[in-house]
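Novice: This structure is in C-alpha cells; I'll ask about it shortly.
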Amino acid sequence: MHARKQPSPVRKRVTIYTDGGCLGNPGPGGYGVVLLYNGHRKELSGGYRLTTNNRMELLAAIKGLEALKEPCAVTLYTDSRYLADAMRKGWAKRWQANGWRRNRKEKALNPDLWQRLLALCDRHEVEFVWVKGHAGVQENERCDALSQAAARQPDLPADPGYETKS
C-alpha cells in the first residue's frame, strides 16, 4: 500500500497594505503597514535617517510578512509599481538567479531587501496587487500617514543596507 499524501493545510487568508516613502530621495524615510485578519487589525511602522523610497516600499512588504506567525495566504496591496511589477513579473527572481544583476551592465538595486522578500514569499503564498497611491484607498492612505510620521521621528537609526559604514 502506498501512503496517501496529506493535503496541505488550509492557510489563513491575510490582507496586508503597505507603503513607504522618504522626505527627499534619498532622505529620512519610513514605512507603514496595516495587517487585516478575521476582524483583527495590526499597524506597524518604522523609519531610517537616510534611505530611499524604493527601500522603504520593499521594507514595508517585508515587515508585514515577517509579522505573520505561520505560513499564510496573503493579498498584499502596494502603490509601488517597482515592488508589484518586480514580484508579479518575476524580475526579482531573475535578478537573484543572475547574481543580483538586471543585465550585463547594471546591478540590481537593494539586493539585501529583495533577498529577504523572496525568502518570505517562499514561506507564504503572496499575491501582489498594485493600487493607485493618494487615490482614496483608505488603508493605503493610512499606510502613507504611518510612513510619513515614522520618517519625521527624531533620532532615526541608520539603514544598514543603504548607508555605508565608515
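Bear in mind that the values in this text are calculations on the coordinates, not laboratory data. Keep in mind the model is a prediction, meaning the values are calculated, not measured. All Cβ positions, glycine included, derive from the backbone under ideal geometry; neighbour counts span all protein chains shown.
Novice: Starting from the Cα of residue 13, step 7 Å along the direction of its Cβ; do the same at residue 94; then give the gap between the two resulting points in nm.
Specialist: Calculated label separation equals 3.2 nm.
Novice: Which of (1) 1.07; (2) 1.02; (3) 0.95 is the computed Rg/Rh (Cα atoms, Kirkwood Rh) for the structure on display?
Specialist: (2)
Novice: Then there's this: Please determine, in degrees from 0 to 90 and to the nearest 10, the orientation of helix 138-151 with respect to the longest principal axis defined by the Cα atoms of the chain, where the helix direction is its Cα long axis.
Specialist: 50 degrees
Novice: May I ask for the net charge around residue 41, where only other residues with Cβ less than 11 Å from the Cβ of residue 41 are counted and Lys, Arg are +1 while Asp, Glu are -1?
Specialist: Net local charge, residue 41 excluded: 0.
Novice: Now, a different point. Quick one: 3J(HN,Hα) in Hz for the stretch 66-79, Karplus 6.51/-1.76/1.60 with θ = phi - 60°, rounded, Gly and Pro as x.
Specialist: 3J(HN,Hα) across the stretch 66-79, in whole Hz: 5, 6, 7, 7, 8, x, 10, 9, 10, 9, 10, 9, 9, 9.
Novice: With angles folded into 0 to 90 degrees, how steeply does helix 111-123 sit against the dominant principal axis of the chain? Use alpha carbons for both and round to 10.
Specialist: Result, in degrees: 20.
Novice: Also, I was wondering about something else. Subtract the Cα-Cα distance of residue 155 and residue 41 from 0.36 nm times their separation in residues, and report this length gain in nm to one decimal. Provide the component values of the computation, followed by the final result.
Specialist: Working: separation 114, 0.36 × 114 = 41.04 nm, distance 2.79 nm.
Here the answer is 38.2 nm.
Novice: While we're here: Given the DSSP H assignment, sum -39500 (n - 2.57) over each helix run of at least 4 residues in the chain and divide by its residue total; what's the result at 222 nm in deg cm²/dmol, nearest 500? List each step's numbers first, then the result.
Specialist: Numbers: 5 runs with 56 residues, N = 166.
Value at 222 nm, helices only, nearest 500: -10500 deg cm²/dmol.
Novice: Check residue 72: other-chain or 5+ apart residues with amide H under 5 Å from its amide H, H built from backbone geometry?
Specialist: 125
Novice: Here is a further query. Calculate the length of the line joining the C-alpha centroid of the stretch 72-88 to that of the stretch 12-30, in whole Å.
Specialist: If you average the Cα positions of each part, the centres end up 12 Å apart.
Novice: Rounded to the nearest 5, what % of the DSSP beta bridges within the chain are antiparallel ones?
Specialist: The antiparallel proportion sits near 60 percent.
Novice: Apply the a/c threshold of 1.5 to the C-alpha gyration tensor of the stretch 109-166 and tell me whether it is rounded, prolate or oblate.
Specialist: Judged from the Cα gyration tensor, the stretch 109-166 comes out oblate (a/c at least 1.5, b/c at or above a/b).
Novice: Another question about this same structure. List the pairs from 12/89; 12/105; 42/107; 69/105; 93/132 whose alpha-carbon separation is above 30 Å, in the order I gave them.
Specialist: Exceeds cut-off: 12/105; 42/107; 69/105.
Novice: State, as an integer percentage, the relative contact order of the chain based on alpha-carbon contacts under 8 Å between residues 6 or more apart.
Specialist: The value is 33 percent.
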